[in-house]
Every structure is written in structure tokens, then in C-alpha cells.
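Have a look at the structure below, then the notes.
The values are calculated or read from the model by the stated rules, or taken from the named source; none is laboratory data. Because the structure is a prediction, the values reported are computed rather than measured. As a convention, Cβ positions derive from the backbone with ideal geometry for all residues, glycine included, and neighbour counts pool all protein chains shown. With ligands, DNA and RNA removed, areas are computed over all heavy atoms of the protein, side chains included. Shrake-Rupley method; radii C 1.70, N 1.55, O 1.52, S 1.80 Å.
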Amino acid sequence: MSSIRRRLPVHVLLLVAGALSLFPLYWLFLTSLSPTQYVVRVPPEVVPRELSVGNYQRLFETTPIVRWLVNTVVIAGVITAFHLLFDSMAGYAFAKRRFPGKDVMFWLIVSTLTVPAQVTLIPVFFILRALGLLDTYPGVILPGLADVFGVFLMKQFIQTLPTELEHAARVDGASEWQVYRHIIVPLSRPALAVLAIFTFQRYWNAFIFPLVILRDPAKYPVQVGLATLQGEFNTDYGMLMTGAAVAALPMIAVFFAFQRQFVEGIRIGGVKG
Amino acid sequence: MTAALRRHGWSYLFVLPTFSLFVLFTLLPVAQGLVLALQDARVTGGTFIGLANFGTLADDPAFRQALGNTVLYATVVVAAQVTLALVVASLIQPLGARSRVFYRALFYLPLVNSAILVAMVWRWIFNPNPFGLANAALGTLGLGPFLWIGSSDQALLAVILSAVLTIPGGGVVLYSAAIGSLPRELYEAADLEGAGPFAKWRHITVPLLRPTTLYLVVVYTILAFQVFERVYIMTNGGGPNNATITIVQLIYSTAFQFGRYGLASAMAVVLFVMAIVVAIAQFRSLRTDVEY
């Protein structure tokens, strides 16, 4: 009892800090749900008097936001699927197998981990132009498959798995692919879940690469689309906040569904972007 | 060679997809970026001009402004983020396991959103009108109204505040995990000496968390050096009189709006060097850590 009383101020302090941190998100949804004519008020009303879905109707009628959301799901989804496959394969090879050149390859990969993404932005743009992939979905997806954080994550995890099962499977005549597919992949599920969440979130939120690579607004992912809304509806904050709310909801839903993986991911992988 | 392939073929097959994509879209681009920085590359190709781009940058008021803004932003934001993360994690730790899980989630939730939409909300909060939330809040204290993103004096402040006013959930989680694994004996010894909670925190917890602190400083600094979306959205890509221009914002406009790819690549190299310097500084201070 006394411990609860002693801890009460700490709880109050943390809850206030949490509320402040969450407040912009609350303000975003509140603005989006205000009747269009009341979005701008002096003074602004932090507790709503009236709610309306008018802004949502306007948004869905006048902008390609649905198209942008579908694009984002496709782009982030395809990148995530390939990362799960390729990173677990490479992570397995780097963690458990011996082959000439392994150390050099892994050293090259690790040495680029701190390179800011903007360093490769212009050359990647040139390469995609040379390949004729500017303004295409593959042009956005392929460079997304090149980030090596997942290889690192999978290697670290697979290293901790016992080797006996692999040996036993080989003795039973399993091929190398079967060892990977039926031993390594199932045992790596927790790390794969973390990788999936992180990769999907990263590419759901990606901005500068698609901004530079895509020209056709019909191909935009939602973040780039939102930035163009900003230009189009400059001070129509009801519209802008509604667009932002629609883009925020899927990620918030993913977070509530997979909280544990998010927190676990930070502990394993650090605070990566 | 063929014998090696027969023996190790599977290993190479396993690393091939990732490694070839990595070579094409990371390794080669890094090398090409360094070459481009030495070229007068415009929309079509370029000629080798040595370090001239860096000379141009040194004399360019916009780049100096961008460099200064980026370093100022990073310094203030990183100091605030690391301090906040440490304090919040320290407050969470003595609570029960269920409270810890709850608070970690609470502080991480705001961070799952994209930089774009976060910046859009802050633009709305810091808009210069009396209906702007920041102005209304300060107005109740008899302050303002401020021009915020509409003024060359206050725009960068608004951008920095938008970053500082969010609890850094990732740092909270990392500190929280690190505090959980600190050896209990030291605290028991301190209890015997009659040390209070603050003294224990100050003299045991904080020093022992040094590796985590250094790691967070480096990661947050490198992330802060790359600040772009906030500036692009909150202040239309640089603000009044370039008040909020940052290095990445300038790389973007120099390359993709003005077609000066060589000059923009030189800026990217400067950014790269800044990241390396920070990483080396961390490595050094970790090494001195071992010495005492």
C-alpha cells in the first residue's frame, strides 16, 4: 500500500509525459473529425463540441488516397517478403556456414551500416535511370532490398541456434535447401517476426527515395502523396489532417497487434531509423 | 575455382540475392557518390574537377547555413532525447513488470508514425495564426502570438521543439533493458552505506549505463544529421531566408531541383564524414572506458 502511495507521483509524471507525447496524434485525429467549417477556431478547442466525417468524405472523393494506400501496401509488402527470404538465407550462411570470401563479404556489409542513405540517393537515381526503372514500382522496390540491417539481425539470431539439428537432418539425407527451409526458418520465427514488422514499418514510412524515383502521382506511396496534398490544400488543415490520419491508422493498428515485436526489435536491433 | 564452387555452391547461393543487390544498390553507389563529388556533374554527365566542389561549398552561404542548422538541430535534439530517455527509463524501472510494458508501449506508440505526417501535425500546431495551438497555449500565459514557421528567427526553433517534445521511445526501451541487467550487488552495497535513491542513480546507474548512452548518442546524432522531412513539410523546404535549411534538404534541392548532381554529391560526402567522425568518437570513448 505504502509503495503504491510512494509511486503515485512517478505514475502521474509518466502519464503526463506520455499524454504530451501522444497529444499531436490526438490533435491530428481531432482536427480530422471536426466539421470542416470549425477546423479553424480562435481559440482552438481541445475538447470537441461536434464531430463529423465530412473531411473524410471530401478526402476520399477528391484525392487518390486509396490508390496511394494500395501502392504503399504493395511496395512495403513486396520489399518485406523479399527481405524475409533473402535475409534469412544470407543470415544463415553468414552465421553457420564456412566458405571462402565470407569474412570479406560480411565486413563489406557491416562497414556500410552507418552510411547515411542520402549518400547513395543520387547514384541510385542514376543507376535506375540507366536501367530504365525510373518512375516504376521495381525502381522503388529494388533499392529497398539492398539494405543490410536484416542480414545483420538474422545472422545474430541464427548464430544462437543449436547446430545439432542441422547435423541430424543432414545425416538423414536432407539437402542443404531442406536444412534451411525445414530447420532454420521455423526456428527463426521470432527474429523473422521482428524483421517483418521493422521492414514493413520502414518502407511504409519511406519518403525521400520514392519522392525522387517516382513521377506519376498514381504510383505514389501514401507518404509522398501526403506531401503533395500539403502543396495542394496548403491551409486546408481539415483535409491535411484527415489525409495524415488515414495514413497513420494502418501503422497504429500494426503497432497494437505486434507491440511485443516492436519492443523486442529495438532491444535486438537498436533504434534503427 | 570449380572445386570451391562444388563444395561451397550452396553457401554462395544463400548469400547471392542479398549480396548482389547490396553491391548494385549500396556498395557501387557509395563508390560512385565519392566519384560524383569530384565531378562537375550536371543533368548530363560531368568532368573531373578535383576538390573544387568542396571549395564551392565552403564559400556557399546556403551550405554554411545548412551545416550550422544541422549541427545545432542535432546537438539540441540529441541532448534532449538522450536525457529524456534516461530519466523516463529510470522512472519506469522500479515499477512492476506490467507497468513497464505499458509505459514502454505508451512511449513507443507516437514513434511508429512517419516523419511526414508527424511534421504535418507540427506544422498545424506551429502555424503563425492565433488559431495555431502553440500560440493559443502560450497565449493563455500571456505570451505571443509568435510567427513560428513564418519567421526566419523562430522557424528553426519550431522545428527543434517539434522533435524535442516527443519522448524518444526507442531510447527508453534500450535504457530500460540496460538498467534491468545491471548487477544488483552494487546497489546492495550502496544500501549498506545508506545511499539514497538519487545518490545511487547518480553514482551507480548513470556511470554503468555509459555504453548505452554512447550508443544512443551516436545513433540519434546520425539520425539527426539526416533531418529532412520535418523541414521539407513544416517550412516548405527551408523556411524564410533559408532559416531552417538542412544538409539533406539542400542535397535534395541541389540535385533534384537544380540538377547539380556533383555539388549535391559533395554535400553527401560531408554528411558521410560527419557520420564517420561521430562513430569514431564513440569507438574512442568506449576504448577509454576499458582503461579505468
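Descriptive notes on the structure:
- Count - residues of segment A:218-237 that are surrounded by fewer than 22 Cβ atoms within 10 Å (Cβ to Cβ), in contact with a Pro (Cβ under 8 Å, 6 or more places away or on another chain) and modelled with pLDDT of 95 or more: 1
- Test: residue in segment A:4-25 that is hydroxyl-bearing (Ser, Thr, Tyr) and either modelled with pLDDT of 95 or more or surrounded by fewer than 16 Cβ atoms within 10 Å (Cβ to Cβ) (or both): no
- Residues of segment A:116-142 satisfying the condition of being within 24 Å of A:Leu85 (Cβ to Cβ), within 8 Å of chain B (Cβ to nearest Cβ) and open to solvent by 20 Å² or more (accessible area, probe 1.4 Å): A:Ala117, A:Ile127, A:Leu142
- The lone exception for A:Ile197 - which of (1) more than 14 Å from the chain's Cα centre (by Cα); (2) within 30 Å of A:Gly243 (Cβ to Cβ) it fails: (1)
- Unmet requirement for B:Pro207, which otherwise passes all of (1) within 21 Å of A:Leu14 (Cβ to Cβ); (2) more than 7 Å from chain A (Cβ to nearest Cβ); (3) open to solvent by 20 Å² or more (accessible area, probe 1.4 Å); (4) modelled with pLDDT of 90 or more: (1)
- Single match in B:Leu67, B:Leu36, B:Leu57, B:Leu84 (criterion: more than 21 Å from B:Phe258 (Cα to Cα) and either in contact with a strand residue (DSSP E or B) (Cβ under 8 Å, 6 or more places away or on another chain) or aliphatic (A, V, I, L, M) (or both)): B:Leu84
- Enumeration of residues in segment B:139-153 that are touching a Phe, Trp or Tyr at 6+ places or on another chain (Cβ under 6 Å) and either modelled with pLDDT under 90 or closer than 17 Å to B:Val227 by Cα (or both): B:Ile149
- Any hit, segment B:180-188, residues being away from every other protein chain (no Cβ under 12 Å), touching a Leu at 6+ places or on another chain (Cβ under 7 Å) and surrounded by fewer than 23 Cβ atoms within 10 Å (Cβ to Cβ): yes
- Residue in segment B:154-172 that is among the aliphatic types (A, V, I, L, M), modelled with pLDDT of 90 or more and under 18 Å from B:Pro94 (Cα atoms) present: yes
- Looking only at residues in segment A:84-113 that are at the interface with chain B (Cβ under 7 Å from one of its Cβ atoms), outside any helix (DSSP H, G or I) and of a type outside the set (Ser, Thr, Tyr), the one that is nearest to B:Arg7 (Cα to Cα) is A:Phe99.
- Residue pairs meeting the criteria (Cβ under 7 Å; at least 6 apart or on separate chains; first under 19 Å from A:Ala218 (Cα atoms) and touching a residue at least 24 places away in the same chain (Cβ under 8 Å), in segment A:126-148; second open to solvent by less than 40 Å² (accessible area, probe 1.4 Å) and in a loop (DSSP other than H, G, I, E, B)): A:Asp135/A:Leu214; A:Gly139/A:Leu133; A:Val140/A:Leu214
- Residues located in segment B:113-135, provided they are over 19 Å from A:Ser32 (Cα atoms) and either assigned to a helix (DSSP H, G or I) or at pLDDT 90 or above (or both): B:Asn135
- Test: residue in segment B:99-108 that is touching a His at 6+ places or on another chain (Cβ under 8 Å), in a helix (DSSP H, G or I) and at the interface with another protein chain (Cβ under 9 Å from one of its Cβ atoms): yes
- Taking the criterion of being farther than 30 Å from B:Gly239 by Cβ, more than 8 Å from chain A (Cβ to nearest Cβ) and modelled with pLDDT of 90 or more, the residues of segment B:84-97 that qualify are B:Leu86, B:Val87, B:Ala89, B:Ser90.
- Check on B:Leu28, modelled with pLDDT of 90 or more, assigned to a helix (DSSP H, G or I), under 15 Å from A:Met105 (Cα atoms) and open to solvent by 60 Å² or more (accessible area, probe 1.4 Å): yes
Quick grid of which residues meet (1) under 17 Å from A:Ile141 (Cβ atoms); (2) outside any helix (DSSP H, G or I); (3) within 11 Å of another protein chain (Cβ to nearest Cβ):
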position	(1), (2), (3)
A:Tyr180	no, no, yes
A:Ile197	no, no, yes
A:Ala206	yes, yes, yes
A:Ala218	yes, no, no
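- Qualifying positions in segment B:67-104 - within 12 Å of A:Leu14 (Cα to Cα), open to solvent by less than 20 Å² (accessible area, probe 1.4 Å) and either among the hydroxyl-bearing types (Ser, Thr, Tyr) or without any contact (Cβ under 8 Å) to a residue 60 or more places away in the chain (or both): B:Leu95, B:Tyr103
- Put simply, of A:Val42, A:Val46 the only residue that is facing chain B (nearest Cβ under 10 Å), modelled with pLDDT of 80 or more and more than 22 Å from B:Tyr108 (Cα to Cα) is A:Val46.
- Filter pass, B:Arg64 being modelled with pLDDT of 95 or more and open to solvent by 60 Å² or more (accessible area, probe 1.4 Å): yes
- Only residues that are open to solvent by less than 60 Å² (accessible area, probe 1.4 Å), hydroxyl-bearing (Ser, Thr, Tyr) and over 22 Å from the mean Cα position of the chain (by Cα) were counted in segment A:37-89, giving 3.
- Residues in segment A:26-39 that are of a type in the set (Val, Ile, Thr), over 30 Å from B:Val88 (Cα atoms) and either at pLDDT 90 or above or not in a loop (DSSP other than H, G, I, E, B) (or both): A:Thr36 alone.
- Complete set of residues in segment B:213-246 that are hydroxyl-bearing (Ser, Thr, Tyr), over 19 Å from B:Val270 (Cα atoms) and either open to solvent by less than 20 Å² (accessible area, probe 1.4 Å) or at the interface with chain A (Cβ under 10 Å from one of its Cβ atoms) (or both): B:Tyr215, B:Tyr232, B:Thr235
- Test set (1) over 14 Å from the mean Cα position of the chain (by Cα); (2) buried (at least 17 other Cβ atoms within 10 Å of the Cβ); (3) more than 10 Å from chain A (Cβ to nearest Cβ); (4) among the aliphatic types (A, V, I, L, M) - B:Ala199 fails condition number: (2)
- Enumeration of residues in segment A:221-246 that are within 7 Å of chain B (Cβ to nearest Cβ), more than 15 Å from A:Pro64 (Cβ to Cβ) and in contact with a Phe, Trp or Tyr (Cβ under 8 Å, 6 or more places away or on another chain): A:Tyr237, A:Leu240, A:Met241
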